[in-house]
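Structure first, then comments.
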Amino acid sequence: MRRRLWIGQISGLPHSATGRLVCARGIATMTAAEAQQGSPPADAVRAKKLHGRAFYESIGSPKFVVAPMVDQSEFAWRMLTRSFVPESEQSNLLAYTPMLHARLFSQEDKYRKAHFQAVRPGPSSSSEPWLDGNPSIDRPLVVQFCANDPEALLSAAQHVAPYCDAVDLNLGCPQGIARKGHYGAFLQEDQDLIFRLVNTLHRELPVPVTAKIRILETKEKTLAYAQNVLKAGASILTVHGRRREQKGHITGVADWEMLKFLRDNLPADTVMFANGNILQQGDIEKCLEATGADGVMSAEGNLSDPAIFAKPPPVGEEGREYWRGKDGKGGWRVDAITRRYLDILHKYALGSEPPRRRPLFVPGDDTAWMAEAERTEAESDEPAKKRRKKDGSGPSKREELSPNLAAMQPHLFHLLRHLVSRHTDVRDMLARSRKDGIDGYERVLAAAERKVAEGLLEYERTGGQSFDDELAALADDADGDVPSGESSRGTIRRCRRPWWVAQPIVRPLPGEALAKGAITLSKKARAAKAEGAEAKRDAEGPGKETKENGDAAAEGTKEEIASRDELVAG
């Protein structure tokens, strides 16, 4: 079996291939010409469906995995992530679609068209490959569904099977909507239903089935859960190292030790992906080593930095898109990433050529454009409603229907988080941009490019002192009510880069969120805490021995907390 050969072009990165594409079903699917013409392969003959490691190897044994994220891992974002991976390593990257609702997808044509655009619309070319799952640019690809009805899940999966390498069952969503709809992580008490959901796809679907789960309270329960999913027929098991209740302000740290336990106790040929604690590119290898997983899945880390799977360029070969500071640390510039993102949207989602752009600014370039950009920005600062009425701008009907355009604003708020926190005028512009469609986001890009240029010039003018002062302020700005071992400040300092560089958003640890009032203990938890403290005092009694025991316990707790904090960055 030949591995998949890539053709086409991803955001300026050339790809070439010969021969025929091969899918997970073990059959020849399409040649490049057939993909363009939308015609079925001449020698498409059904063969035995690949399973488990054989399937995994057929798609290139990828180590890097873009996580399924609701309305956030859509085609354009997957393309952006793939664009940072060199041609020689494309088979190392696997991407998942956003989570789709199986019942709605199986029943409503409007829902399908709004969330999965595999073929170009229009009666004359209805079978021409377009965006999602296009064999020349968007593979390997797994489509994820949430479901609680095996028949609805199978019906939905049959719609996407021709355009993907596998179908995934979401068993990890912890949100309230999943509780209300009885899907995701809220199925974990019904192991029989989980078995039937996975097994139905395994038996009836022409492509493999995979599943994504969360860990349970104990190692034994988690192992039994994983074994049930694999026994049902899952070819790949993704495990998020957090429990269902770990979300929002109490997300905490993923448990890599639990993932290593699963790796050691599941069959040796099990294909397992690890999920959790991936903040930076360096965390990926650490996770692979610590867990023994075959691949690493990233969600929030990928949203903050879509180049998280790419190796930094060698020193001296940064070009204009990558910035490296005087301390040797660096990252991809957010204005460069935003440019790539918008160019992909122009080319694929809107079907038009991207605007001609001047080279990204680096210190030493002419700065005359900055004054002109500032004037243009000021002129465009009139009320958006008045501007749209005057020049007829605003999102077109095509833009309004595109899932790729709908995801732009949340993506840019995530990507530009550190920039807009400092430059609130850009934040306000981004908040208003949705109603202006792609033109509004082009204005945000222009403003971001000017701010980045100003930041680079300031860094050069101060010899890097402007950023050093920022790091020093982080060290001084400690939370007085939170013990140092329970603070995420250390992780923030390790991950912090200048605001013009893509970087992770570090969540506060639960202790910090509690101290700041972002979360509160329930009455039951407060009562239990008080009773525990009183019982401890009664058991210890007064005296020096109590003090020594208390000091030892405090030291042990401090080490444990420091260890958890260290894990936040891998």
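Scanning region 317-324 finds no residues that are touching a residue at least 24 places away in the same chain (Cβ under 8 Å), touching a helix residue (DSSP H, G or I) at 6+ places or on another chain (Cβ under 9 Å) and open to solvent by less than 10 Å² (accessible area, probe 1.4 Å).
Annotation note: of 320, 339, the sole residue that is in a loop (DSSP other than H, G, I, E, B), in the same structural domain as residue 416 (by the TED database) and on the phi < 0 side of the Ramachandran plot is 320.
The residue that is farthest from residue 345 (Cα to Cα), counting only those in region 408-456 that are open to solvent by 30 Å² or more (accessible area, probe 1.4 Å) and either basic (Lys, Arg) or in contact with a strand residue (DSSP E or B) (Cβ under 6 Å, 6 or more places away or on another chain) (or both), is 422. Residue 400 passes every criterion in (1) assigned to a helix (DSSP H, G or I); (2) at pLDDT 75 or above apart from (2). Of the residues 306, 267, 312, the single one that is in a loop (DSSP other than H, G, I, E, B), within 19 Å of residue 502 (Cβ to Cβ), over 16 Å from the mean Cα position of the chain (by Cα) and not polar (S, T, N, Q) is 312. Can you find a residue that is in a helix (DSSP H, G or I), under 24 Å from residue 281 (Cα atoms), at pLDDT 75 or above and assigned by the TED database to the domain that holds residue 320 anywhere in region 494-502? There is at least one residue in region 494-502 that is in a helix (DSSP H, G or I), under 24 Å from residue 281 (Cα atoms), at pLDDT 75 or above and assigned by the TED database to the domain that holds residue 320. Of the listed requirements (1) free of Cβ contacts under 8 Å to residues at least 40 places away in the same chain; (2) open to solvent by 20 Å² or more (accessible area, probe 1.4 Å); (3) in contact with a His (Cβ under 8 Å, 6 or more places away or on another chain); (4) not β-branched (Val, Ile, Thr), residue 212 misses just one: (1).
Would you please name the residue that is farthest from residue 466 (Cα to Cα), looking only at residues in region 398-407 that are open to solvent by less than 40 Å² (accessible area, probe 1.4 Å) and hydrophobic (A, V, I, L, M, F, W, C)? That would be 405. Screening residue 437 on (1) within 18 Å of residue 378 (Cβ to Cβ); (2) touching an Asp or Glu at 6+ places or on another chain (Cβ under 6 Å); (3) of a type outside the set (S, T, N, Q); (4) modelled with pLDDT under 95 shows it passes everything except condition (1).
Just one residue in the set 354, 306 is in the same structural domain as residue 136 (by the TED database), open to solvent by less than 50 Å² (accessible area, probe 1.4 Å) and touching a Leu at 6+ places or on another chain (Cβ under 9 Å); that residue is 306.
Restricting attention to region 95-123, the residues being in a loop (DSSP other than H, G, I, E, B), at pLDDT below 95 and loosely packed, with under 14 Cβ neighbours inside 10 Å number 2. Reported count of residues in region 70-91, each being touching a strand residue (DSSP E or B) at 6+ places or on another chain (Cβ under 8 Å) and not aromatic (Phe, Trp, Tyr), is 10.
The residues of region 231-250 that are at positive phi and modelled with pLDDT under 95 amount to a single one, 248.
Sub-9 Å Cβ pairs linking a first residue in region 451-470 that is at negative phi and of a type in the set (A, V, I, L, M, F, W, C) to a second residue that is part of a helix (DSSP H, G or I) and open to solvent by less than 10 Å² (accessible area, probe 1.4 Å), at least 6 apart or interchain, are 452/334; 452/335; 452/336; 452/419; 453/335, ordered by first then second residue. Looking at the structure I just gave you, is residue 245 in a loop (DSSP other than H, G, I, E, B), more than 24 Å from residue 98 (Cβ to Cβ) and open to solvent by 60 Å² or more (accessible area, probe 1.4 Å)? In short, no.
The values are calculated or read from the model by the stated rules, or taken from the named source; none is laboratory data. Here the structure is a predicted model, which is why all the values come from computation and not from measurement. All Cβ positions, glycine included, derive from the backbone under ideal geometry; neighbour counts span all protein chains shown. SASA here: full protein model, heavy atoms, side chains in, ligands and nucleic acids out. Shrake-Rupley method; radii C 1.70, N 1.55, O 1.52, S 1.80 Å.
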